[in-house]
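The values are calculated or read from the model by the stated rules, or taken from the named source; none is laboratory data. All figures in this text were calculated on a predicted structure; none of them were measured in a lab. Because the Cβ atoms are built from the backbone with ideal geometry, glycine has one as well, and the counts that use them run over all protein chains shown. Side chains are part of the model used for accessible areas, which takes the heavy atoms of the whole protein and leaves out ligands, DNA and RNA. Shrake-Rupley method; radii C 1.70, N 1.55, O 1.52, S 1.80 Å.
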Amino acid sequence: GRNGARLVVTSAAGDTVYVDSSGPTKMGVNRMTWGLRWSGSTPLNIEPPQPGEGGGGGFRRGGFGPSAVPGTYTLTLSVAGKSGSQTVDVRPDPVQGGDPARFQAQLAAGLQFRAELSALHEMLNRLVSIETQIRNVQQALRDNAKDDTAALAAVNRASRELSRKLKQLKDTLYNSDQQRGAPEDDIHYLTRFADQFQGLGFSVFGGYAQPPAPQVVDEWRADRAKLDGFLATFNGILSTDVAAFNQAANANHAPVLVGGGPVTIRAVSSGR
């Protein structure tokens, strides 16, 4: 939790590589571990963790990121207002070795993919949040404005097109009706963009000192173009339909939706 021991790993260049704020703080000897990876993407928090995923939520929920390349890292542990640091050397596998340029190329690709996956997850999280808010506004109006049928009708009108567009986008991205663990549903689910894009991560993050293969890069480039289109659609819904809903809500003394600003793919550092 927030009051746990906090482990921060930084690279020699000063990039924040990994943060864990949930370390144990019991009396006695405690252990925190760093799995030699960068932090994962923004988690997909619209579905519960699956068995065996552990506290990080597994890859699909953003539980881990690219491998740390060989080099010197600083580990800083903070607990109860006190902190201490030490450096560690991450070395190449003594058998496999590895070309530093290939390590760096794999890391650069991994950090770029992580930024894109974070944007996809943020869009899905926000989309579901807005849907929930619409239902709550409608329920609040039914409970508290029973006599004001005009207000209810106006807000319902504004929500109709917004809800339709949100559902259409969500159904393209993510199969929320899937029953986890049923094979036929897994097959159905693979047709959805979110799962297809998440699956690319195994090819981008996987391997040892292996940048993505050309065929993976080609598939990734095509998916990135689709992702850009989905983000543009979602950001358009925010600026038009959410804004129209809030205008109708304001005019009828109803709660407004918190949609947030546009979802963008954040620029990444080189990881050097």
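HN-Hα J couplings of the range 17-32 from phi, Karplus 6.51/-1.76/1.60, θ = phi - 60°, integer Hz, Gly and Pro as x?
Karplus-based 3J(HN,Hα) across the range 17-32 equals 8, 8, 9, 9, 9, 10, x, x, 10, 5, 4, x, 8, 10, 10, 10 Hz.
Mind checking which lysines have their Cα closer than 25 Å to the Cα of residue 226? Skip sequence neighbours fewer than 8 apart in that chain.
The reachable lysines, counting only those whose Cα sits under 25 Å from residue 226, are 165, 167, 170.
Around residue 39, which amide H atoms from residues at least 5 apart in sequence, or from another chain, sit under 5 Å from its own amide H, with H modelled in the peptide plane?
Those qualifying (amide H under 5 Å, at least 5 residues apart or on another chain) are 18, 19.
Can you pull the one-decimal nm distance between simple spin-label points at residue 244 and residue 221, each 7 Å off the Cα toward Cβ?
Going by the 7 Å Cα→Cβ label model, 3.8 nm.
With a 1.4 Å probe and all protein chains in place, put 85, 67 in order of accessible area, largest first.
Correct descending sequence by accessible area is 85, 67.
In Å, the Kirkwood hydrodynamic radius of the range 99-156 over pairs of distinct alpha carbons?
For the range 99-156, inverting the mean 1/r across all distinct Cα pairs yields 14.9 Å.
Note the full-extension length gain between residue 160 and residue 147 as 0.36 nm times their separation in residues minus their Cα-Cα distance, in nm to one decimal.
In short, 2.6 nm is gained.
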